[in-house]
Amino acid sequence: AACMVLVVMSAVRVAAMLDMNLTLLSAPDAVCLDGSPGGFYYAPARSPTLNSWVIELQGGGWCYSPAMCMQRARTWGGSGAWAPNCLNAGPDAPCKQFGPLAADPAANPDFATFHRVHIQYCDGGSFAGDRELDTPDGRLHFRGRRILQAALSELQSSFGLGAAEGTQVLLTGC
């Protein structure tokens with residue numbers, strides 16, 4: 001699947017590396033397919049005065065039947081229970097990001113200094129659903145819209161998204 005970048009901005013290059021740490025959502029209905037909390041990974045901007053953000057919505061495809069969705073609810077694509085404490089690009093690169101989320105200015109000269117956010121995909125419906133479904137195998141929670149709303153609300157109240165005039169956001173995802 002191809003990724004899409006919606007906005008392009010420039011930033012100052014800096015050499016420090018920052019990890020992206022997991023925040024689980026506390027909103028009661030902001031849950032994954034299996035009912036576990038949704039969440040996002042966040043790393044602060046390198047400068048406390050920088051008001052530029054990269055927000056990535058993780059992709060993952062839809063599930064199209066109750067059986068398919070129940071199967072997904074037991075994997076990374078439908079459960080927040082598996083989420084590591086930091087975003088991981090692979091087994092050989094613990095907590096290392098890539099693309100517009102990369103913390104390394106050599107790999108990401110335009111966005112490495114921004115606030116960086118990765119909203120975890122676990123709802124089976126591209127952050128659009130807002131209902132539950134009882135199946136013979138259990139309940140499925142299609143709450144992607146609530147995950148997205150709760151994540152943005154948490155970013156605003158706890159991390160300062162939109163707190164200053166002139167906030168710039170690069171919205172990206174696959």
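The values are calculated or read from the model by the stated rules, or taken from the named source; none is laboratory data. In this text the structure is predicted, and so the values were computed from the model without any measurement. Every residue, glycine among them, receives a Cβ derived from its backbone with ideal geometry; neighbour counts consider all protein chains shown. We work out accessible area using only protein heavy atoms, side chains counted, and drop any ligands, DNA or RNA first. Shrake-Rupley method; radii C 1.70, N 1.55, O 1.52, S 1.80 Å.
For Ser158 and Ala107, compute 0.36 nm times the residue count separating them, minus their Cα-Cα distance, and round to one decimal in nm. Walk me through the numbers before you get to the answer.
Numbers: separation 51, 0.36 × 51 = 18.36 nm, distance 2.83 nm.
The span from Ser158 to Ala107 would gain 15.5 nm if fully extended.
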What is the mean projected area of the alpha carbon convex hull for region 27-85, to one decimal in square nanometres? 5.4
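Ordered by packing density, taken as the mean number of other Cβ atoms within 10 Å over each peptide's residues, highest first, how do 120-127, 20-27, 73-80 rank? Mind showing how you got there, number by number?
Working: 120-127: 24.6, 20-27: 16.9, 73-80: 19.8.
Listed from highest to lowest mean packing, they are 120-127, 73-80, 20-27.
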Which whole-number value in Å² is the accessible area per residue of region 38-78, probe 1.4 Å? 46
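For region 95-174, give the percent of accessible area contributed by carbon and sulfur heavy atoms, probe 1.4 Å, rounded to a whole number. Don't skip to the answer; put the middle values down first.
Details: 1790 of 3590 Å².
Answer for region 95-174: carbon and sulfur cover 50 percent of the accessible area.
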Note: Ala128 to Cys174 extended length (0.36 nm per residue) minus current alpha-carbon separation gives 15.1 nm
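I need the peptides 129-142, 46-59 ranked by packing, meaning the mean over residues of other C-beta atoms within 10 angstrom, with the highest value on top.
Numbers: 129-142: 15.1, 46-59: 18.2.
Taking the mean over residues of other Cβ atoms within 10 Å, the ranking is 46-59, 129-142.
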